[in-house]
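The values are calculated or read from the model by the stated rules, or taken from the named source; none is laboratory data. Everything quoted here is computed from the prediction, not taken from an experiment. Methodologically, a virtual Cβ is constructed for each residue, glycine included, from the backbone with ideal geometry; neighbour enumeration extends over all protein chains shown. Quick note on the areas: whole protein, heavy atoms, side chains included, nothing else; ligands and nucleic acids left out. Shrake-Rupley method; radii C 1.70, N 1.55, O 1.52, S 1.80 Å.
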Amino acid sequence: MMAFPAEKQLFYSSSTHLWLAGTQHLSDAEARADEAVEMFQSAPPEQQRLGEMSLARTDLAMARLGRGDIDGAATQIHAVLGVSARRRTESVDRRIGHFSRQLALHPGAGSPAAIGLREVIIAHQERMPAQLPPGGSP
């Protein structure tokens, strides 16, 4: 019952390392998240788990941000925002919000790359997800 696929185990491992913090955990988080993303991407399109891949990409972005690689983090966040624009989920939205708050506190927050990334995230957050019509028959 609790046998998760390897890519999901790697993604959970990356999240755990991020919470533990510290240089070594940051490095381990990046490695596990990168592995997870590669595995998610290598699955056939009809079997890809886009939400979980987005969460793994967000972990990868957090790890890269922690290393000071804003451009590397931006690459992952842009990919997440692309998926989220088509299929929005609360868990991904929360992670994007957490990333945005960490970016605002980052020493490089005033760089053009960081400012541009924050603007893209804010624009994404301000877009309302499509509402389903009320239940019942038309």
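Restricting attention to the range 73-115, the residues that are touching a Leu at 6+ places or on another chain (Cβ under 8 Å) and either open to solvent by less than 50 Å² (accessible area, probe 1.4 Å) or of a type in the set (Gly, Ala, Ser) (or both) add up to 13.
Among helices (runs of 4 or more DSSP H) entirely within the range 1-106, having at least 3 residues that are within 26 Å of ALA123 (Cα to Cα) singles out 50-66, 70-86, 90-105.
Would you confirm, using the coordinates I've provided, whether THR75 is modelled with pLDDT of 95 or more, among the β-branched types (Val, Ile, Thr) and within 23 Å of PRO5 (Cβ to Cβ)? Judged against the criteria, THR75 is not a match. Return yes when ARG57 is farther than 27 Å from ILE115 by Cα, surrounded by 23 or more Cβ atoms within 10 Å (Cβ to Cβ), touching a residue at least 12 places away in the same chain (Cβ under 8 Å) and charged (D, E, K, R) and no when it is not. For ARG57, the condition - farther than 27 Å from ILE115 by Cα, surrounded by 23 or more Cβ atoms within 10 Å (Cβ to Cβ), touching a residue at least 12 places away in the same chain (Cβ under 8 Å) and charged (D, E, K, R) - is not met.
The C-beta contact set for the range 71-90 (first residue farther than 21 Å from ALA104 by Cα and touching a residue at least 12 places away in the same chain (Cβ under 8 Å), second residue charged (D, E, K, R) and open to solvent by 90 Å² or more (accessible area, probe 1.4 Å), distance under 7 angstrom, 6+ apart or interchain) is empty.
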